[in-house]
Amino acid sequence: MIIAGVDEVGRGPLAGPVMAAAVILDPARPIVGLADSKALSEKKREELFPIIQKQSIAWAIGRAEVAEIDSINILQASLLAMQRAISALTVKPDLVQVDGNICPCIDYPVQAIVHGDSLIDAISAASIIAKVIRDREMLEYDTTYPQYGFAKNKGYGTKEHFVALRQYGPSPIHRRSFAPLK
């Protein structure tokens, strides 16, 4: 049975896209050290990232942009990013396992698993892929909008981020539908 693990990152930040990854691991090539991306150091995530890419049967990214988040809300945008990641897989799964308690609408059997990112290796791998790609993108945004500290806060609402928002107002990548920015 071909199982795809799916997870998203970036639901909580005030800025940037929400990203999801779908990963189909190769049972013949287990990857040591997989865990929920939030439980791993940035260094460990960066070490695992190319291993997951190389040893997986397939992996893909899906995303929802800030305009979509503001238009349809963060939950629906997260589900949309998941749908996009699953659709982008080059190998079609027999089953999709998603971290959390809500399943995206897809044409495959799907199972929501609470804390799946710490229980299911394929979901852990998806969590790592999505987190590394989103963090790298936030580093790029930091060069365009250095005043917000995206290299450090990755778009989350830190004290320094709120100070910058009061001083400079929101940037084009800020989620204006989020309460602190309304």
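Would you mind checking the pairs LYS92/LYS152; LYS43/LYS182; LYS44/LYS152; LYS38/LYS92 and listing those with alpha carbons more than 25 angstrom apart?
Values: LYS92/LYS152 37 Å; LYS43/LYS182 35 Å; LYS44/LYS152 17 Å; LYS38/LYS92 28 Å.
Result: LYS92/LYS152; LYS43/LYS182; LYS38/LYS92 exceed 25 Å.
Mind checking the full-extension length gain between ASP94 and ASP70? Use 0.36 nm per residue of separation minus the Cα-Cα distance, one decimal, nm.
On the way: separation 24, 0.36 × 24 = 8.64 nm, distance 3.28 nm.
So the chain would gain 5.4 nm between ASP94 and ASP70.
Would you please put 35-44, 60-69 in order of how densely packed they are, using the mean number of other Cβ atoms within 10 angstrom per residue and starting with the highest?
Working: 35-44: 14.5, 60-69: 20.4.
Listed from highest to lowest mean packing, they are 60-69, 35-44.
I'd like the Karplus ³J(HN,Hα) series for region 119-127: coefficients 6.51, -1.76, 1.60, θ = phi - 60°, whole numbers in Hz, and an x wherever there's a Gly or Pro.
Karplus-based 3J(HN,Hα) across region 119-127 equals 10, 10, 4, 5, 6, 4, 4, 5, 4 Hz.
How much FRET efficiency would the formula 1/(1 + (r/R0)^6) give for VAL32 and SER87, where r is the Cβ-Cβ distance and R0 is 22 Å, rounded to 0.05?
Values: r = 30 Å, r/R0 = 1.35.
With R0 = 22 Å, the Cβ-Cβ based efficiency is 0.15.
What number comes out for the charge environment of ILE72, summing +1 per Lys or Arg and -1 per Asp or Glu over other residues with Cβ under 15 Å away?
Net charge around ILE72: +1.
Please report the net charge: other residues with Cβ closer than 12 Å to the Cβ of SER118, K and R +1, D and E -1.
That sum, taken over residues with Cβ under 12 Å, equals -4.
Can you compute 3J(HN,Hα) from phi for each residue in region 64-76, using the Karplus curve 6.51 cos²θ - 1.76 cosθ + 1.60 with θ = phi - 60°, rounded to whole Hz and x for Gly and Pro?
Values per residue, Gly and Pro as x: 10, 7, 4, 4, 5, 4, 5, 7, 10, 5, 5, 5, 5 Hz.
Just tell me which aspartates and glutamates come within less than 18 Å, Cα to Cα, of LYS131; anything on the same chain fewer than 8 places away is out.
Those aspartates and glutamates meeting the cut-off are ASP7, GLU8, ASP36, GLU42, GLU46, GLU47, GLU65, ASP99, ASP117, ASP121, GLU140, ASP142.
Determine the calculated [θ] at 222 nm for the chain from helices alone, applying -39500 (n - 2.57) to every DSSP H run no shorter than 4 residues and normalising by the residue count; nearest 500 deg cm²/dmol.
Working: 7 runs with 78 residues, N = 182.
Theoretical 222 nm ellipticity from helices: -13000 deg cm²/dmol.
Taking square-rooted eigenvalues a ≥ b ≥ c of the alpha carbon gyration tensor, is region 3-134 rounded, prolate or oblate, where a/c under 1.5 means rounded and, failing that, a/b exceeding b/c means prolate?
The shape class here is oblate.
Only the coordinates and a few stated rules stand behind these numbers; no lab work does. Predicted model only: the values in this text are computed from it and were never measured. Positions of Cβ are backbone-derived with ideal geometry, glycine not excepted, and every protein chain shown enters the neighbour counts.
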